[in-house]
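One structure, pasted below without further comment.
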Amino acid sequence: MIKRTKLKINVHPYFLEFIHPFALAHGTRKGTQLAFVKIEFEGVVAYGEASLPPYRKETVDSVKKWIETQKEQVFSLLTTNNPFKNNELIPFSTEHPAASCALQSAILHWYAIANNKKLSDFFPPSNSTPTLTLTITKNDYEFIEEKLNLATHFNHFKLKLTGSNDDIDFVKAIRNKTDLSFCIDINQGYSDKEKAIQLISELEKWQCILIEQPLKDTDHEGHYWLKQRTHLPIIADESICLLDDLIQFHEAYSGVNIKLMKCGGLFQAQQMINYHPLLKEEKLMKLIGCMSESSLGIATAAVLASQCAMADLDASFLTKNDPFKGVNITHQKITVDAEITLKDNSIFFNF
């Protein structure tokens, strides 16, 4: 008779530090707060990750409190069901998407490890290869040679603008250094659509391939107005977080940057990838992205990358204290090791 071990679920806070300060429209910061979820059950240990940037509502405390209420459901799921075939039983809350993502990831990683499988074995394979982006903020310009050396592994730069008067100067400065095509991410930097279209009209003259989130997240009408006035794709990030948002507001955008931390996990992201508008002639561009995350979060999102046109999963190139390893981006391709492992187990021994 097999003796069952007690299910343990713990949450560990961890501050992920940037190599260089990150300058965005809503401020400059030196890192991002994370919360790692650890499941121990039947001799198997697995992790999930929540990224908690300051512009989102969730905190370490809210992650801990919500996950504490889900332990009984997780125990029932792991002892009686296959979470990949019964994903509706995995705890999920639209009010706690990052916590939901972390718990779901830990559950799925646990089941995959327990069955000697990889996470990617349970999701649709694809022969396509997404193009890859490397982020540059205004604070990175003094380290531009470092970025240019990394760029050989990526298809595009992703330039972070701030909605300030020096946006075009920054783009021109980068363009003087390289002819690599680039995406623009404004992170809600403009409140005036007229000023935004002026910027976009300038960007059309260079090798810009898309514009992400130029206006405030709730300004769907403004984004639709921009979409009608430029040939560059207008991509939603903060404006579309959940599947319901995509269904309700997709007509205002040319595509969406899907992030596990916004939508709640892999299954929710898969639903968003599978969503097609009723109008067959309207084709939505699907991107898979990340917030500031460790290699654990990136590896989880990378499972869906081949189903998307673009992968914005460069976080491991931007941080200096990633506690996990197992994700590689080389020669414009993402590869994930069979197992994502901790670099130093000691940081997790006591949680």
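Every residue in segment 50-68 that is in contact with a helix residue (DSSP H, G or I) (Cβ under 8 Å, 6 or more places away or on another chain) and among the aliphatic types (A, V, I, L, M), please.
The first filter runs over segment 50-68 and keeps only residues in contact with a helix residue (DSSP H, G or I) (Cβ under 8 Å, 6 or more places away or on another chain), leaving 50-52, 56, 58, 62-63, 66-67.
Those that are in contact with a helix residue (DSSP H, G or I) (Cβ under 8 Å, 6 or more places away or on another chain) and among the aliphatic types (A, V, I, L, M): 50, 52, 63, 67.
A further question follows. Specify the residue that is nearest to residue 70 (Cα to Cα); the eligible residues are those in segment 113-151 that are without any contact (Cβ under 8 Å) to a residue 24 or more places away in the chain and part of a helix (DSSP H, G or I). Please lay out each step first, then the result.
Our first condition is that a residue be without any contact (Cβ under 8 Å) to a residue 24 or more places away in the chain; within segment 113-151, this holds for 115-117, 121, 142, 145-147, 149.
Retained after the next criterion (residues that are part of a helix (DSSP H, G or I)): 121, 142, 145-147, 149.
Values: 121: 26, 142: 47, 145: 47, 146: 44, 147: 42, 149: 45 Å.
Ranking the qualifying residues of segment 113-151, first place goes to 121.
Evaluate the following for residue 172: is it out of contact with any strand residue (DSSP E or B) (no Cβ under 8 Å at 6 or more places or on another chain) and either without any contact (Cβ under 8 Å) to a residue 60 or more places away in the chain or at positive phi (or both)? Write out each step before concluding.
Details: out of contact with any strand residue (DSSP E or B) (no Cβ under 8 Å at 6 or more places or on another chain): yes; either without any contact (Cβ under 8 Å) to a residue 60 or more places away in the chain or at positive phi (or both): yes.
Taking the combined requirement at face value, the residue satisfies it.
With 40, 58 as the choices, which residue is acidic (Asp, Glu), at pLDDT 95 or above, under 28 Å from residue 314 (Cβ atoms) and surrounded by 13 or more Cβ atoms within 10 Å (Cβ to Cβ)? Before you say what the answer is, go through the steps one by one.
Working: 40 fails: under 28 Å from residue 314 (Cβ atoms).
Result of the check over 40, 58: 58.
In segment 196-221, which residues are more than 14 Å from residue 234 (Cβ to Cβ), modelled with pLDDT of 95 or more and either assigned to a helix (DSSP H, G or I) or not assigned by TED's automatic domain parsing to the domain that holds residue 158 (or both)? Break it down stepwise before answering.
Within segment 196-221, the subset more than 14 Å from residue 234 (Cβ to Cβ) is 198, 202, 205-207, 218.
Add one more test, that the residue is modelled with pLDDT of 95 or more, and what stays is 198, 218.
Within segment 196-221, 198 is the sole residue that qualifies.
Also, quick follow-up: Starting from residues that are surrounded by 20 or more Cβ atoms within 10 Å (Cβ to Cβ), of a type in the set (S, T, N, Q) and assigned to a loop (DSSP other than H, G, I, E, B), keep the ones in segment 274-325 and report whichever is farthest from the chain's Cα centre (by Cα).
294
Related question: So which residues in segment 116-142 are at pLDDT 90 or above and loosely packed, with under 13 Cβ neighbours inside 10 Å?
Selection gives 116, 121.
The values are calculated or read from the model by the stated rules, or taken from the named source; none is laboratory data. Keep in mind it's a predicted model, so treat the numbers as computed, not measured. Backbone-built Cβ (ideal geometry, glycine too); neighbour counts: all protein chains shown.
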